[in-house]
Amino acid sequence: MMNILGIDSSSRNLSAAVSRDDKLLSEVINHESSKHMVNIIKFTDKALRRAGLSIKDVDVFGVNLGPGDFTGTRIGASVIKTLSWVEKKCAYGINSLDVHAVMCAFKNKNTIAKNLLNGRPVTIAPCLDVKRSEVYFSFYGISEDENDVCHKSEKKIIASMIIGAKKYNIKRIGDYHLANKDELMEKFNIFFENEVLKIQSKEIAHVNPAVIVCGSSYASHRSTMLDLIRSSSSFILDKRLLYSQARYVNLCSYFNALEKVELKNLAPVYVRDFVPFGN
Amino acid sequence: MKNGGILNIMSIEEKENKKDIYILGIETSCDDTCASMVKNGSVILSSVVSSQDEIHRKYGGIVPEIASRKHIEVIDIIIKEAINKSGIDISCINAVSVTNRPGLIGSLLVGVGAAKAICYARNIPLIAVNHLKAHIYSNVLAHPNIRGGFIGLVVSGGHSSLYLMDNDKCSMKLVGQTVDDAVGEAFDKIARYLNLGYPGGPIIDKLSKSGNSDYIDFPRPMINSGDFNFSFSGLKTSLIYRTKKDKKLMHKENIPDLVASFQKAAVDVLVEKTIRACRKYGMDKILVSGGVAANSRLREEFTKRCSSNNISVYIPPLSMCMDNAAMVACLGYYEYLKGNFSSLDVDVYSRTDQ
């Protein structure tokens, strides 16, 4: 058993969550824009207290490393990397797209179960607003654990979930992508040719998948996202899931810890290099 | 029995008083990531500085976004190194002192985030301090026996401020500051204009040594303004106009004379107004600090002019002029003694008046 403390400060919503393995014990979240610097320790302390634990009981730390709000992501990274060092425990930094994918999978368990039972694959496509009219996105598949022969070597499984009596893995298909919002539909079409999700390099094909789209792009580029959804009957938009939450950081961190994923220096994820004074 | 009890408490308190106080200082207000362990406000056990000069040099100045990105990469490594070098176990640290104002927000929040995490995990007090006040304390660190009030001048790439410190070593009043460019900023901009490199201060200082400082009589901006504010933007513009009017000033052989004259004008204003402030407020001490306190002409002029005015002047060793965390830990020590602790909800501020 392991106790996990996770923080998600990568968006305007700040959250701190405490889990035991894959079970959530407590979560403190602010749905309004908040001063993350002011609240981060308060939220962390509240989440631990509600779980009946102290910082000394934490075995694994997790943080959403973005891409996201620069200021917020840095605050979370600085706090978590220092806590993990002081407590001499491991810390995992999770890509914001992965956190969104896990959140989307858990929030749409019923839809996913229904489709999988009917033999239809499910793809999750989080689309994040990363400023400058650009969208950062990736695709995730959901597959039965026992059929997942290559997961150890591929290292693209980000978390697992139980549906009914079966264990499923949430797995990233291909890379993280960046596209201008006006080219988003075109980019999606490359991957979804003839209702088949194809990632050429990996020779993976999902035939006629149900595609659940989520993420902050809907908040910023509403018409682009609605056009995209209307372009295919396979697409479903989950309008509720705009901002990620710490409890899903914990699920990813738990999986990382179980698989003993290599630890890295925690630093925020940026989608582009910073070029001073413009291009 | 009651008396015995009180005596007991007193003896514990006495023991407490004799115990050494270890303060961990963290400073990330601009482009340097710094951590330091200081014992009893005066003994530097470690002072680690990770400078980003090399990275910002090619832009001729500090790029805030790049500074913040570098801070978050190294913050834990620098703190660990400061603790390891000090030979003090993390469990012996009495408090963490960290700069939370003024500075670049993206930089400040990295240090403050780390400081809060240490204080929360170790259950020790957090002391959030003013960067400029910490600079002044680089002198107290070097001379812990400084007593009484003084005038403090902080001169750097971001600040040119005059403070009046009363007797208690903690309450500080701003009596003057630059109304435009900081003096170090003016040095940087001139160096960039003349293609001399970055940071401008040390380069101009070095070149000036072989130059005639009376070559051009630059204006002494605001020297008779009647207050204690400074202005360096006009001085910078004046140099640019002169070189536009007289192109030969830009010739390589004239550069030392040009910058020496510029430096003299800037130093004259700083020294003159600081001494006037000292007289006006009836003080007998001046504490000079900040990156520009490393300037050799500024050091010489202050020493010369103060000695003829019967004022004691304190300037920290060169290593303590630039941003460092030892000064932050030193100030933290005096705040610790007073019990001036910050809440873990404390925010970061780009300016001091927020």
Of the peptides B:256-264, A:231-239, how do they stack up when ordered by the mean number of other Cβ atoms within 10 Å, highest first? B:256-264, A:231-239
Projected onto the charge dipole of chain B (unit charges on the beta-carbon of Lys, Arg, Asp and Glu, signs +1, +1, -1, -1), the Cα from B:Ala260, B:Gly106, B:Thr178 with the largest positive-side position is that of B:Ala260
Given 10 °C, 1.306 mPa s and a Kirkwood radius over Cα pairs, the Stokes-Einstein diffusion coefficient of the stretch A:97-237 in µm²/s is 105
Assigned charges on the beta-carbon of Lys, Arg, Asp, Glu; the stretch A:97-237 dipole about Cα centre (debye): 380
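If you wrap a convex hull around the alpha carbons of chain B, what volume per residue comes out, as a whole number of Å³? Let's see the in-between values first.
Values: hull volume 51.3 nm³, N = 354.
Measuring per residue, one finds 145 Å³ for the Cα hull of chain B.
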Return the Rg/Rh ratio of the stretch B:148-318 with Cα-based radii and a Kirkwood Rh. 0.98
Of the options A:Leu117, A:Phe61, A:Val271, report the single residue whose Cα projects farthest towards the positive end of the charge dipole of chain A (beta-carbon charges: Lys, Arg +1; Asp, Glu -1). A:Phe61
Magnitude of the Cβ-charge dipole (Lys and Arg +1, Asp and Glu -1) of chain A about the Cα centre, nearest 20 debye, reported as 720
Can you quote the Å³ per residue value for the convex hull of the Cα atoms in the stretch A:1-143, rounded to an integer? 123
Against the longest principal axis of chain B, how steep is helix B:296-308, in degrees 0 to 90 to the nearest 10, with axes from Cα atoms? 80
I'd like to know how the stretch B:133-240 sits against the 2.2 N^0.38 Å rule of thumb: what's its Cα Rg over that expected value? 1.24
Highest-MSF residue in chain B out of B:Ala128, B:Ala329, B:Ala191 [GNM, Cα springs under 10 Å]: B:Ala191
If packing is taken as the average number of other Cβ atoms within 10 Å across a peptide's residues, how do B:244-250, B:305-311, A:265-271 rank, most packed first? A:265-271, B:305-311, B:244-250
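Summarise the partner chain shielding of A:66-72 as one whole number: the mean count of Cβ atoms from other chains within 10 Å of each residue's Cβ. Show your work: numbers first, answer last.
Values: counts 0, 0, 0, 0, 6, 5, 1.
If you average over the peptide's residues, the count of other-chain Cβ atoms is 2.
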Largest first, please: the extent of the C-alpha atoms of the stretch A:36-105 along each principal axis, to the nearest Å. 30, 27, 22
Beyond 27 Å (Cα-Cα) in this structure, taken from A:Lys131/A:Lys167; A:Lys42/B:Lys39; A:Lys88/B:Lys39; B:Lys285/B:Lys338; B:Lys209/B:Lys304; A:Lys181/B:Lys58, we find A:Lys131/A:Lys167; A:Lys42/B:Lys39; A:Lys181/B:Lys58
Compute the Rg to Rh ratio over the protein assembly as shown from the alpha carbon atoms, using the Kirkwood formula for Rh, and round to two decimal places. 1.07
Among B:Asp323, B:Asp214, B:Asp268: highest mean-square fluctuation, GNM of chain B, C-alpha pairs under 10 Å: B:Asp214
Please compute the average number of Cβ atoms from other chains found within 10 Å of each residue's Cβ in peptide A:265-274. 3
Please compute the average number of Cβ atoms from other chains found within 10 Å of each residue's Cβ in peptide B:118-124. 5
Highest mean first, how do B:116-123, B:275-282, A:240-247 rank when packing is the count of other Cβ atoms within 10 Å averaged over residues? A:240-247, B:116-123, B:275-282
Across chain A, how large is the tail of the calculated P(r) beyond 23 Å, expressed as a percent of all Cα pairs? 52
Can you compute the charge dipole magnitude of the protein assembly as shown about its Cα centre, using +1 on each Lys and Arg Cβ and -1 on each Asp and Glu Cβ, nothing else charged? Give it in debye, rounded to the nearest 20. 580
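Any read-out appearing in this document is the output of simple, stated calculations on the displayed coordinates, not a laboratory observation. Every value quoted in this text rests on a predicted model; they were computed, and no experiment measured them. We place every Cβ from the backbone using ideal geometry, glycine too, and count neighbours over all the protein chains shown.
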